[in-house]
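One structure below.
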Amino acid sequence: MSKITSVTITDFEFEAPNLSRIGFGQMVGFKRGSSIQVVKNAIAIETDDDLRGEYVTNWCASPATRGEMEMLAPFLLGRDPLEREGLFDDLKRELRQWSSMGHGPLDIALWDLAGKKYGVPVSELIGGYRKRLPAYASTYLGDSQGGLDSKEAYAAFAEQCYDIGYRAFKIHGWNDGDARREAENVLHVGKVVGDRMTLMLDPANQLRKFSDALYVGQACDEANYFWYEDPFRDSGKSAFAHKKLREMIKTPLLITEYVRGIEPKADFIIAGGTDYLRVDPEYDMGITGALKIAHLGEALGVDVEIHACGPAHRHLMSAMRNSNFYEVALVGPDCPNMVAPVYTCGYSDQLDCVGGDGCVEVPSGPGLGVQYDWTYIEAHKVGERRFGHKG
């Protein structure tokens, strides 16, 4: 039996051009000539028989998530890394007072370790059968700096994405909660590309009132949008409010990005608060937790949509019948997707990662099927914490 001897969390940074932070949080938008320093976390789990699992975070790299990873890492020491269900159960309890965001990256690294142990991709371990995944371009928030600064700019970017190969496009609108402007954008983009592209809208909780959410939802109805996601300032938490909204519009709602784990998501959909479920292996306690949510949706006969991008997300979706699209997020004209440039194997989640068929490929190598550039990570290191010892 293998035993985990060390867990190392390395913080590293890189520069992302033509982007700026909106306020002091995680929100980012286009700003030509500006740049931001982005910090991500690289996790390495090692055992006494020289197994190693790795993962680099894409979305859950906030200081709060980093703190939760530090809380959980010591509980892995001395445990069998293949006993993922037992570890899941114990780590879930330890974070019962917190968000559980720090759980996911550790679980993903354990799946990478298992795949490498057996010399197969994670997709094979979970019964994956989909080799290419239909993708949608998911925009940055709108701005006033010459990027996505008008409904015409959104439509032009949708056309650009169509020419690349995308057949689906999701709008993140502006960050000011202007319902009239959002609705005009919905209708304009629908008029320009709606006959050729599947369209979605995600206001990212920026609309201020229920009435605003209803107003924009009615525009989604008129333009025949595929889903309407997290519209207003309840922060995606109120099943009651979204049940009311569902009764007043026809566009399917996609909620639960901000509801963590299988039990709250089950409660939310049973209460009538959403049409589809959201799942993210980084947010929802790893691939182990995300598979439970995928099966919950299947049991209830509803679709479960993958949030965001990354190798773990692709492996997860490969085993999901009830998922429509892979989210290439976030993208915009003249700015990169803000994921770490640490792949030495050609893997990419940049705008041009799709083929002419509008799909991305599921990695086929052992574990997550990607190779990380640890030389780059070490050269850009800004912090590190190791629990246990190597070897």
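The values are calculated or read from the model by the stated rules, or taken from the named source; none is laboratory data. Just so it is clear, the model here is predicted, and its values are computed rather than measured. Glycine also receives a Cβ, built like all others from the backbone with ideal geometry; neighbour counts cover every protein chain displayed. Areas reflect the complete protein model, heavy atoms only, side chains present, ligands, DNA and RNA absent. Shrake-Rupley method; radii C 1.70, N 1.55, O 1.52, S 1.80 Å.
If the condition is being under 24 Å from Gly356 (Cα atoms) and surrounded by 23 or more Cβ atoms within 10 Å (Cβ to Cβ), then segment 173-196 contributes only Val189.
Quick one: would you say Pro81 is touching a strand residue (DSSP E or B) at 6+ places or on another chain (Cβ under 9 Å), assigned to a loop (DSSP other than H, G, I, E, B) and crowded, with 22+ Cβ neighbours inside 10 Å? Yes.
Counting the residues of segment 197-231 that are open to solvent by less than 20 Å² (accessible area, probe 1.4 Å), more than 19 Å from the chain's Cα centre (by Cα) and under 23 Å from Val304 (Cβ atoms) gives 5.
Condition check ((1) open to solvent by 20 Å² or more (accessible area, probe 1.4 Å); (2) under 23 Å from the mean Cα position of the chain (by Cα); (3) modelled with pLDDT of 95 or more; (4) among the hydrophobic types (A, V, I, L, M, F, W, C)) across all residues:
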site	(1), (2), (3), (4)
Glu46	yes, no, yes, no
Thr57	no, yes, yes, no
Leu110	no, yes, yes, yes
Lys116	yes, no, yes, no
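For segment 92-109, a residue qualifies if it is without any contact (Cβ under 8 Å) to a residue 12 or more places away in the chain and basic (Lys, Arg), and the qualifying residues are Arg93, Arg96. Of all the listed residues (Arg52, Arg93, Arg32, Arg66), the sole one being touching an Asp or Glu at 6+ places or on another chain (Cβ under 9 Å), over 23 Å from Pro311 (Cβ atoms) and of a type in the set (D, E, K, R) is Arg32.
Identify, please: which residue in segment 255-274 is part of a loop (DSSP other than H, G, I, E, B) and of a type in the set (Val, Ile, Thr) and is, among those, surrounded by the most Cβ atoms within 10 Å (Cβ to Cβ)?
My answer is Thr256.
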